[in-house]
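Asker: Got a structure for you, questions after.
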Amino acid sequence: MASVTYEHVTKEFGNVIAVNDLNLQIEDKEFLVFVGPSGCGKTTALRLLAGLEEVTKGLIKIDDRVVNDVPPKDRDIAMVFQSYALYPHMTVYDNLAFGLKLRKTPKEEIKRRVQEAAEILGIQELLGRKPRQLSGGQRQRVAVGRAIVREPKVFLFDEPLSNLDAKLRIAMRAEISKLHHRLQTTFIYVTHDQMEAMTMATRIAVINKGMLQQLDTPQVLYDAPVNMFVAGFIGAPAMNFFKGHVRKDAGKLFVDCGAFSVPIPADRTKAAQPYIDRPIILGIRPEDIFNPAFVPPGINAAKVACKVDVTELMGNEIFLYLVTGDNTIVARVDPRTDFRIGDQVQVSFNIDKMHLFDPDSELAVR
């Protein structure tokens, strides 16, 4: 078991800074997920830990041991890649055992580890097959098994589910979460899929342009994003953003977005005071917008008039794409909603769930 530490880690490729002064402490047995858009530096951060890239500046530690100059094979880590990278001419058993054979592990120990990994992953009946005889999900299990047999201190996963179909990805998400619970080992996982991050992680590190934006539990990232990037990246569909300004009227504060305005709750007025008659960004998630006929009890609602542009029936909910002035609104509403394209309607914003951001720094206003 092991903790992992990044201390002021920077990685440069020529003039490109892929990882920029990363400071991060990953606890023993934690399931940490690096998440961010393609090209943000999350995979580079993982490869630096694995020893597949050299650190330009800073230190990487596994437990208290600095591993900057330690060869990958001696770092006591195991990595699962996006591509399965199985040897096509070998059986599943031999694919699982290959790395152990290179290390001259005794045959009985190899057999024990392979059988144990196969049992954990439910692939005992596949040990005699070759990769071409396996489905994508089975190949991915073998790739994970190859990491398990090494019994490493740290497991690294680089977008391991990207090649699977949507249904299988959901199933494998659950399998990897169960695997972490069973092995009680440190897992570090890279994905661009925020749903994978939200459902699997103990904590999430949100990366953008090589920089750590926020590190916290999935629920805190969802409820209290520190900036507009995190707010827009976490959650699906993404948060709605509206340009506006703070207006004071009869002693109360409002966010005036031109085509509509909504009151600022009393507990938020102190933070919003400096923005009176100044620009501000209003953010609200689609799930915090309701059909007024189906607003749950206890919701502090403000109605907004708009026009229905597109409807998407999802079965258990409806996605509404609405237009008001120059603004487009995405809402997730009750499936009993009978709005039609072209209807002039009202929707209810849960103003207790509104988010406010500074338009210049894009930081949350709190």
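Asker: Using a 7 Å offset from the Cα along the Cα-to-Cβ direction at both Gln346 and Leu52, what is the distance between the two label points in nm, to one decimal?
Answerer: Result for the modelled spin labels: 5.6 nm.
Asker: What ranking do His192, His355, His8 get, fewest neighbouring Cβ atoms within 10 angstrom at the top?
Answerer: His8, His192, His355
Asker: Note the full-extension length gain between Glu27 and Asp334 as 0.36 nm times their separation in residues minus their Cα-Cα distance, in nm to one decimal.
Answerer: Difference between extended and current length: 106.5 nm.
Asker: What full-extension length gain, to one decimal in nm, is calculated for Phe294 and Asn68 as 0.36 nm per residue of separation minus the Cα-Cα distance?
Answerer: Length gained between Phe294 and Asn68: 75.7 nm.
Asker: Compute the signed sum of charges (Lys and Arg +1, Asp and Glu -1) over the other residues within less than 10 Å, Cβ to Cβ, of Pro286.
Answerer: On the way: positive: Arg285, Arg332; negative: Glu287, Asp288, Glu317.
That sum, taken over residues with Cβ under 10 Å, equals -1.
Asker: Quick one: work out the % antiparallel among DSSP beta bridges in the chain, nearest 5. Don't skip to the end; give the middle numbers.
Answerer: Details: 60 of 79 bridges.
If I count the DSSP bridges inside the chain, around 75 percent turn out antiparallel.
Asker: If you stretched the chain out fully between Lys167 and Arg129, how much longer would it get, using 0.36 nm times the residue separation minus the C-alpha to C-alpha distance?
Answerer: Length difference between fully extended and current span is 11.3 nm.
Asker: Further, regarding this structure: Students often get this wrong, so check it: of Lys167/Lys209; Lys248/Lys270; Lys104/Lys130; Lys252/Lys303, which have C-alpha atoms separated by over 21 Å?
Answerer: Beyond 21 Å: Lys167/Lys209; Lys104/Lys130.
Asker: Dipole size in debye (nearest 20) for the chain around its Cα centre, Lys and Arg Cβ +1, Asp and Glu Cβ -1?
Answerer: The dipole of the chain has a size of about 1000 debye.
Asker: Using r as the Cβ-Cβ distance of Gln184 and Asp249, and R0 as 51 Å, what FRET efficiency do you calculate, to the nearest 0.05?
Answerer: Details: r = 57 Å, r/R0 = 1.11.
After rounding to 0.05, the efficiency reads 0.35.
Asker: With θ set to phi - 60°, apply the Karplus curve 6.51 cos²θ - 1.76 cosθ + 1.60 along the range 318-323 and write out the HN-Hα couplings as whole Hz, x wherever there is a Gly or Pro.
Answerer: 3J(HN,Hα) across the range 318-323, in whole Hz: 10, 8, 10, 10, 10, 10.
Asker: Can you compute the modelled spin-label distance between Arg366 and Met211, with each label point 7 Å from Cα toward Cβ, in nm?
Answerer: Calculated label separation equals 1.8 nm.
Asker: Follow-up question, since we're still on this one. Taking amide hydrogens as modeled 1.01 Å from N in the peptide plane, which residues meet the under 5 Å criterion relative to Asn208, leaving out close sequence neighbours?
Answerer: Answer set, sorted by chain and number: Gln213.
Asker: Right, another one. Using alpha carbon centroids, what distance separates the range 1-52 and the range 288-308, in Å?
Answerer: After rounding, the separation between the Cα centres reads 42 Å.
Asker: Give a residue-ordered list of calculated ³J(HN,Hα) values for the range 82-94 (Karplus: 6.51 cos²θ - 1.76 cosθ + 1.60, θ = phi - 60°; whole Hz; x for Gly, Pro).
Answerer: 4, 7, 5, 6, 8, 6, x, 8, 9, 6, 4, 4, 5
Asker: Then there's this: Express the Stokes-Einstein translational diffusion coefficient of the range 240-357 in µm² s⁻¹, to the nearest whole number, given a Kirkwood radius over alpha-carbon pairs, 20 °C and a viscosity of 1.002 mPa s.
Answerer: 147 µm²/s
Asker: Over the range 13-144, what is the relative contact order in whole percent, taking alpha-carbon pairs under 8 Å and six or more residues apart?
Answerer: Value for the range 13-144: 20 percent.
Asker: In 10 Å bins starting at 0, how do the alpha-carbon pair distances of the chain split up by percent?
Answerer: The percentages, shortest bin first, are 5, 21, 25, 21, 16, 10, 3, 0, 0.
Readers should treat all values here as calculations from the given coordinates under stated rules, not as data from a laboratory. Everything numeric in this text was worked out from a predicted model, so none of it was measured. Note: ideal-geometry Cβ built from the backbone for every residue, glycine included; neighbour counts use all protein chains shown.
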